[in-house]
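Trainee: Take this structure first; my questions come after.
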Amino acid sequence: MTKRTIVSLPGDGIGVVVLQQAIRVLDAAGFKADYIYGDIGWEFWCKEGNPLPQRTIDLIEKHKIALFGAITSKPIDEAKAELISELQDKGFTYSSPIVGLRQLFNLDICVRPCKSYKGNPLNFVRRGKGNTIDEPMVDVVIFRQNTECLYSGVEWTNPPAQVHQALMTHPKFVENFGKVPVNELSISTRIFTRTATNRILMAAFEHAKKYGYKSVTVCEKPNVIRETSGLMWKLAKEIQKNSFPEIKLLNTNIDAQMMWLTKNPEEYDVIVAGNMFGDIASDAFAGLIGGLGFACSAQFSSDGIAVFEPTHGSAPKYAGYEVSIVNPIAMIESACMMLDYLDEKKISSKIRKAVADVIEEGKVRTYDMMKMTGRPDVVQNGAASTSQMTDAIIAKFKIT
């Protein structure tokens, strides 16, 4: 096995502890790597005015692969208030470092698997025929375009004259907003490019073909958002017809999808969407498999840079607990996605089997799996701590 170099980005809050636990699992499973720490997150915003320092960018550019924990983000005014005194009123403006990473390295492909674990008490259940209880097994992979749409950052409050003049060339703007004073306008743009949209669609279809999924669903709103959602649907039809005729292509509106996912989630395979709707759909499907404690993700650029992270936040209220109580499985699963990417599938399968065995056995469960409120005393009341869950997963390696 080639020894890898992985950039370790703990970030803020619980990101620090879950990344530590994931590395413990990787080590115990036999993955050989050097982990190089990278500075990122709130601490560096407060003391440097930059949550994503250039030195960290240089590390990622050099080593290409990063494991990322979580970051804290706050509104602009709150963020400015927490800068050290030497940086106050110096023109610094906070922006999310993970969004910055995505745009800087063009991490435009985001993959978010949502797969049920047998025996997870948090799995979605519904009423079946004859008033029976039915527990559908969800196996959905969401492809989220990661750099465009509403996350592009092209927005204004009190837009400058040239922007306002451009908007006034559109009859719908004139009709609905032409008489609104400019200083009352806040505008965010939803931008799709043909190149990036083609790339996310091709990635979704290729994944479906490689792993035997039967359908790809475009989850947008082309009947209303006709230019951007309409572009994705148009290109999806072309790609399916020309390159993947054996894969069924479906079209759902994001609002209807939120209803249908609790009616027939087992019928969906690969879902592809723009940035905002992909974010919504992935969190919604994560809720069916146990919540964000089980939600992993990977982000890829076209030139070989990959970042793997859980989709949960930094949960600062839990970070200060003397004993960490958070569920590390989302971070561990994200590490497994990294192993898959590195073609270390034997190790990733070993880890996933251990996780599945612990969950199905049901003897070790974190507070969320026991449906407890996340208070410091949950461990005394029978919930596993973060490290105890990791211990249980590692213990399964010796059995298997």
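Please treat every number below as a calculation from the coordinates, not as lab data. Quick caveat: nothing in here was measured; it's all calculated off a predicted structure. Cβ coordinates were reconstructed from backbone atoms using ideal geometry, including for glycine residues, and neighbour counts include every protein chain displayed.
Trainee: Report the label-to-label distance for Arg226 and Asn251 in nanometres (one decimal), using points 7 Å from each Cα along the Cα→Cβ vector.
Mentor: It works out to 1.3 nm between the two label points.
Trainee: First select every other residue whose beta carbon is under 13 angstrom from the beta carbon of Lys345; then total the charges, Lys and Arg +1, Asp and Glu -1.
Mentor: Taking every Cβ under 13 Å from that of Lys345, the sum is +2.
Trainee: Would you work out the charge dipole size for the chain about its Cα centre, treating the Cβ of every Lys and Arg as +1 and the Cβ of every Asp and Glu as -1, and quote it to the nearest 20 debye?
Mentor: 1180 debye
Trainee: Starting from the eigenvalues of the Cα gyration tensor, five times each then square-rooted, give me the equivalent ellipsoid semi-axes of the chain, largest first, whole Å.
Mentor: 34, 29, 21
Trainee: Diagonalise the Cα gyration tensor of the stretch 153-196 and give the resulting equivalent ellipsoid semi-axes, square root of 5 times each eigenvalue, largest first, whole Å.
Mentor: 21, 13, 9
Trainee: Taking the Cα centre of the stretch 303-346 as the origin, how large is its charge dipole in debye, to the nearest 20, when only Lys and Arg (+1) and Asp and Glu (-1) carry charge on their Cβ atoms?
Mentor: Dipole magnitude for the stretch 303-346 comes out near 180 debye.
Trainee: Which percentage, to the nearest 5, of the DSSP beta bridges contained in the chain is antiparallel?
Mentor: 45 percent
Trainee: Rounded to the nearest 500, what is the 222 nm mean residue ellipticity of the chain from helices alone, with -39500 (n - 2.57) per DSSP H run of 4+ residues and division by all residues?
Mentor: So the helix-based figure for the chain works out to -12500 deg cm²/dmol.
Trainee: Cut-off is 10 Å between beta-carbons; in what order do Thr2, Thr366 appear when sorted fewest neighbours first?
Mentor: Arranged by neighbour count, lowest to highest, Thr2, Thr366 become Thr2, Thr366.
Trainee: Work the Kirkwood hydrodynamic radius out for the stretch 26-99: mean of 1/r over every pair of different alpha-carbon atoms, inverted, in Å.
Mentor: For the stretch 26-99, inverting the mean 1/r across all distinct Cα pairs yields 13.9 Å.
Trainee: How far apart, in nm, are the 7 Å Cα→Cβ label points at Ile187 and Lys115?
Mentor: For the pair Ile187/Lys115, the computed spacing is 4.5 nm.
Trainee: While we're here: Across the stretch 108-120, in residue order, what do the Karplus-derived ³J(HN,Hα) couplings come to in whole Hz, using 6.51 cos²θ - 1.76 cosθ + 1.60 with θ = phi - 60° and x for Gly and Pro?
Mentor: Karplus-based 3J(HN,Hα) across the stretch 108-120 equals 7, 9, 10, 10, 10, x, 10, 10, 5, 9, 4, x, 6 Hz.
Trainee: Are there DSSP H segments in the chain that both extend 15 Å or more along their axis (alpha-carbon positions) and score a mean Kyte-Doolittle hydropathy of at least 0.5? List them, or say none.
Mentor: In the chain, the long hydrophobic H runs are 14-29, 275-288, 329-341.
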